[in-house]
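First up is the structure itself, then whatever we jot down about it.
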Amino acid sequence: MAETSTGNKFYITTPIYYVNGRPHVGHSYTTIAADALARYHRLRGEEVFFVTGTDEHATKVVHAAQAQGLDTREFVDRMAASWQKTWERMHIAYDRFIRTTEAAHVAAVQRVVATLLASGDIYQDEYQGWYCVPCETYFRENELCEGTCPDCHRPVEQVAQPAFFFRTSAYSDRLLAYFEEHPEFIQPETRRREVIAFIEGGLRDACISRQHPGWGITMPEHPEHSVYVWFDALINYLTAVGYPDEQAPTWSWWPPDIQLMGKDILTRFHATIWPAMLMALGLPLPHRLFAHGYWVTDSGDKMSKSRGNVMDPWEVAKDLADLSGATTAVAVDAVRYFLLREVTFGLDGSFSMASLLGRFNADLANDLGNLLNRTLPLLERYREGIIPEPGPGAGGLREAIAQARERVAACLDHVDFRGALEAIWELLAAGNKFVDAREPWRLRREAKQVELDAVLYDLADCLRVVAILVGPFMPVVAEEIWERLGLAGVPPAWKDVEAGRLPAGVRVQVGRPLFPRVDLDRAWQRLEAKQEKTQKVAEDEPKEVAAVTVSYEEFQRLDLRAGKVLEVEKAPGSDKLYRLQIDLGEETPRQVVAGLAENFAPEDIQGKTVVVVANLEPATIRGIRSYGMILAVGEDKPLALVVADQEVPAGSKVR
């Protein structure tokens, strides 16, 4: 088993997030996963240091501020507060929220750069090549994907300017040797193999500066340059523990036990530049890097801010609360549960409201809610709400509890959230089966009081163990169960995940159902009605009669792209709408619903290169999710399509 902690300390990080937009489900996934691990290690009595934060020096952040007419500093202050509020709402209990604009981080970055300049690991040269503004990344010609960024598939810019470089290439052999000696360092194994192949393909020195744009951390002794945002961001993990002051009390946390991130930022940055930087500084490397997969929409598209198809986790939780009747806090925990249960951590997963509602009914209402709703009323009716003395015959769930404890620990040590939750749900299944097999109502009828007490005690004790085990994943739900069992004020602990630890004599409280079952048909009707209302409000907004000018910055917010129409078909149940699949140079075609069917035959559109508004907010039209808009000429009805008059690469920007 991989080493998971240094002594009794556990240091865990998420990547820090760009503040050009608000948190979405993908960000929440990483952060909730880290929170669950942090809570688990706290439960085990370890000292935990859980760090997350915001990355605020990106060019895209400056552009976002300009688009809102705000000073960049004012914008990042607002956005950082927004991220902290979202994490509070999603029950994230971090220990340190770091911002790259804070003075401590600026000082740490400048110390790292000055140290590596002095050692010769950073040097000045001329950079010539390609640069992706949205990804803040430099690329060589052979790394491009048909002339576009290999990561986001958007156009890149030719750049030629003086710059500073980090000697990443000098660490190729040391990195490969380290990966060989520490096979647990990069997980899962598929990602480890990708990183090794990337390094074996030949590393180039990393460009770590740009000409100073007026926003960013200034290079020491070279004020005309600023530190490249990715180099700056990686150092946050050191800043958080007090670097460069190795006498600081927080320095004892170094190195991190585990660092979580999405797979898109593993290979080039976290698994190559980052460990090479630490080697150059003479610092120990993290014990583990773990890269998870993407969340994709129900149409198969990766969720990303640039594609405009992201979901706000807080809004999802509020919708779930509204549809189910659960409290918003419980709905948040249900979202947390869904994200960690639905897919194996490390693989891609599909997020949809249908899947979330299905999990809510099947797992939370039927399994966990069912055991809670059966056990507490039985205690209320048969024992006036008092936990009885177990007496002879108790311990019928002892083996199931022991197995759950062992498997949850093993799974979480291997960052297998799904496996851990499956183990807890096997214990719930054993508890529900135990009720049916032992029939407490029959024991009551037959006046078998000793047996009845044993059964009631075992069921309540099982719920106590479930509350402890599920706490890292659903902290509010766990606390509610804990209090209903009469254990308020008694701190849950891992050592108590053992049968027979429930004190007799405490009074339970039945309470309302935590997970009211969702009427799925009614839920879909309400969701569609909400979508229609939102669209109608937008349509009914007063329109300006006179022409209105827009600023250049406002125009720049439109992401107009050339897209090749791959498929055209009638939308089910509509004579006016087509459902189109359009190649925008992305990993998967973009689905767009357009009102063109009355004026254009499918063959008039198929194969054409049209202009698409690629960053339009997604909408559901006649039950079909649409991720863009096709530009056409005409006021009351489309008369002609806006098309390219010659072949251009799919995804090319329209200026």
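The values are calculated or read from the model by the stated rules, or taken from the named source; none is laboratory data. Computed from a predicted structure; not experimentally measured. Here the Cβ is made from the backbone with ideal geometry for all residues, glycine too, and neighbour counts use every protein chain on show.
So the values come out like this:
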{"read-out": "Residues (without any contact (Cβ under 8 Å) to a residue 40 or more places away in the chain and in a strand (DSSP E or B)) located in the stretch 146-169", "value": "157, 158, 159, 160"}
{"read-out": "Tally of residues being in a loop (DSSP other than H, G, I, E, B), under 17 Å from residue 138 (Cα atoms) and in contact with a helix residue (DSSP H, G or I) (Cβ under 6 Å, 6 or more places away or on another chain) across the stretch 208-267", "value": "1"}
{"read-out": "Search result, residues across the stretch 41-93 that are out of contact with any strand residue (DSSP E or B) (no Cβ under 9 Å at 6 or more places or on another chain) and not in a helix (DSSP H, G or I)", "value": "45, 68, 69, 70, 71, 90, 91"}
{"read-out": "In the stretch 561-576, the residues that are of a type outside the set (Asp, Glu) and either assigned to a loop (DSSP other than H, G, I, E, B) or surrounded by 21 or more Cβ atoms within 10 Å (Cβ to Cβ) (or both)", "value": "561, 562, 563, 564, 565, 568, 571, 572, 573, 574, 576"}
{"read-out": "Criterion (over 21 Å from the mean Cα position of the chain (by Cα) and modelled with pLDDT of 85 or more) met by exactly one of 94, 138, 123", "value": "123"}
{"read-out": "Of residues in the stretch 43-85 being among the acidic types (Asp, Glu) and touching a residue at least 12 places away in the same chain (Cβ under 8 Å), the one surrounded by the fewest Cβ atoms within 10 Å (Cβ to Cβ)", "value": "47"}
